[in-house]
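A.B. asks: Mind looking over this structure? Questions follow.
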Amino acid sequence: MSNLEDLYREVILDHYRSPRNRGELATPPAIRVEGFNPLCGDEIVVYLMVEDGVLTNIKLTGHGCSISQSSSSLMSAAVKGKTLTQVRDTIIKFKQLMTVHETSLESSPNPEVVDVRTLGELAALQGVVKFPVRIKCATLAWNTLSQALDEVSG
């Protein structure tokens with residue numbers, strides 16, 4: 001398991017050092033939503049372009065710890081170009097990953113348990129559940145994305 005943990009650590013550090021989809025989009029037409037974690041000071045701004053039910057572009061700005069910033073980068077890469085239904089499904093899966101117990105992280109016939117093999121690079125963040133205080137860091141961008149999708153739908 002050590003090799004897998006090392007790989008996951010490298011994925012997180014890579015996304016922290018070289019974040020994907022950094023920058024801003026013109027608002028309007030893009031949706032702009034801010035997220036803030038008062039416990040640790042993490043901040044994120046999510047910019048979305050949605051056309052014909054597809055998230056065609058996403059950009060992020062902000063600052064914070066390596067977990068919040070790498071999670072936002074991983075999120076943007078995972079959802080860009082997806083339909084809004086696929087994006088919402090990915091948000092649900094990720095949030096399930098952040099709420100499961102460590103012993104449940106393996107493949108299971110139980111539909112409530114996330115099969116990490118289906119998450120791609122997002123699985124790198126599964127170790128966050130070992131540190132409950134860091135879960136808010138990992139989910140900040142995801143909650144902000146969800147809020148932005150609500151504005152698109154609203």
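A.B. asks: Between Leu7 and Thr118, what is the FRET efficiency for a Förster distance of 25 Å, r being their Cβ-Cβ separation, to the nearest 0.05?
C.D. replies: Details: r = 17 Å, r/R0 = 0.68.
About 0.90, to the nearest 0.05.
A.B. asks: Can you give the extra length, in nm with one decimal, that the chain gains between Asp52 and Gln86 once fully stretched, where that is 0.36 nm per residue apart less the Cα-Cα distance? It would help to have the intermediate numbers written out before the result.
C.D. replies: Working: separation 34, 0.36 × 34 = 12.24 nm, distance 1.36 nm.
My answer for the length gained is 10.9 nm.
A.B. asks: For region 4-82, divide the Cα radius of gyration by the Kirkwood radius and give the resulting Rg/Rh value with two decimals.
C.D. replies: Rg/Rh: 1.01.
A.B. asks: By counting other Cβ atoms within 10 Å of each Cβ, how are Asp6, Asp42, Asp89 ranked from fewest to most? Please report the intermediate quantities before stating the final value.
C.D. replies: Working: Asp6 10, Asp42 23, Asp89 13.
So the ranking, lowest neighbour count to highest, is Asp6, Asp89, Asp42.
A.B. asks: With labels modelled as points extended 7 Å from the Cα through the Cβ direction, what inter-label distance (nm, one decimal) is found for Glu43 paired with Gln147?
C.D. replies: With each label point 7 Å from Cα toward Cβ, the separation is 1.3 nm.
A.B. asks: What pairs in Lys80/Lys130; Lys82/Lys130; Lys93/Lys130 have C-alpha atoms more than 25 Å from each other? Mind dumping the intermediate values first?
C.D. replies: Values: Lys80/Lys130 28 Å; Lys82/Lys130 30 Å; Lys93/Lys130 18 Å.
From Lys80/Lys130; Lys82/Lys130; Lys93/Lys130, over 25 Å: Lys80/Lys130; Lys82/Lys130.
A.B. asks: What does the extension gain come out to for Asp14 and Glu34, with contour length at 0.36 nm per residue minus their alpha carbon separation?
C.D. replies: Working: separation 20, 0.36 × 20 = 7.20 nm, distance 2.39 nm.
Contour length minus Cα-Cα distance gives 4.8 nm.
A.B. asks: Find how much the distance from Phe131 to Arg22 grows on full extension, using 0.36 nm per residue of separation minus their present alpha carbon separation; answer in nm with one decimal. Could the numbers behind the result be given before it?
C.D. replies: Details: separation 109, 0.36 × 109 = 39.24 nm, distance 2.67 nm.
Gain on extension, Phe131 to Arg22, equals 36.6 nm.
A.B. asks: Here is a follow-up. Just rank Ser66, Ser76, Ser71, Ser146, fewest to most, by other beta-carbon atoms within 10 angstrom. Walk me through the intermediate numbers first.
C.D. replies: Working: Ser66 14, Ser76 23, Ser71 30, Ser146 18.
Final ranking by Cβ density, sparse to dense: Ser66, Ser146, Ser76, Ser71.
A.B. asks: Report, in degrees rounded to the nearest 10, the 0 to 90 angle that the Cα long axis of helix 84-97 makes with the longest principal axis of the chain.
C.D. replies: 30 degrees
A.B. asks: Further question: Once amide H atoms are built 1.01 Å from N in the peptide plane, which residues 5 or more positions from Gly62, or in another chain, come under 5 Å H to H?
C.D. replies: For Gly62, whose amide H was placed from the backbone, the distant partners under 5 Å are Val45.
A.B. asks: Suppose a student asked you for the relative contact order of the chain, using Cα pairs under 8 Å spaced at least 6 residues apart; what percent would you report? Write down the numbers at each step before the final one.
C.D. replies: Numbers: 242 pairs, mean separation 41.4, N = 154.
Relative contact order here is 27 percent.
A.B. asks: As an exercise, find the ratio Rg/Rh for region 2-153 from alpha-carbon atoms, using the Kirkwood inverse-distance average for Rh. Each step should come with its number before you reach the end.
C.D. replies: Numbers: Rg = 14.9 Å, Rh = 15.6 Å.
A ratio of 0.96.
A.B. asks: Report, to the nearest 10°, how far helix 2-17 tilts away from the longest principal axis of the Cα atoms in the chain, using its own Cα long axis and a range of 0 to 90°.
C.D. replies: On a 0 to 90 degree scale, this one is about 20.
A.B. asks: By count of other Cβ within 10 Å, fewest leading, how are Thr85, Thr61 ordered?
C.D. replies: Fewest to most other Cβ atoms nearby, the residues stand as Thr85, Thr61.
Read-outs throughout are calculated quantities, based only on the coordinates presented, and are distinct from any laboratory measurement. Model, not experiment: these values are computed from the prediction. Ideal geometry is used to build each Cβ from the backbone, glycine not excepted, and the neighbour counts take in all protein chains shown.
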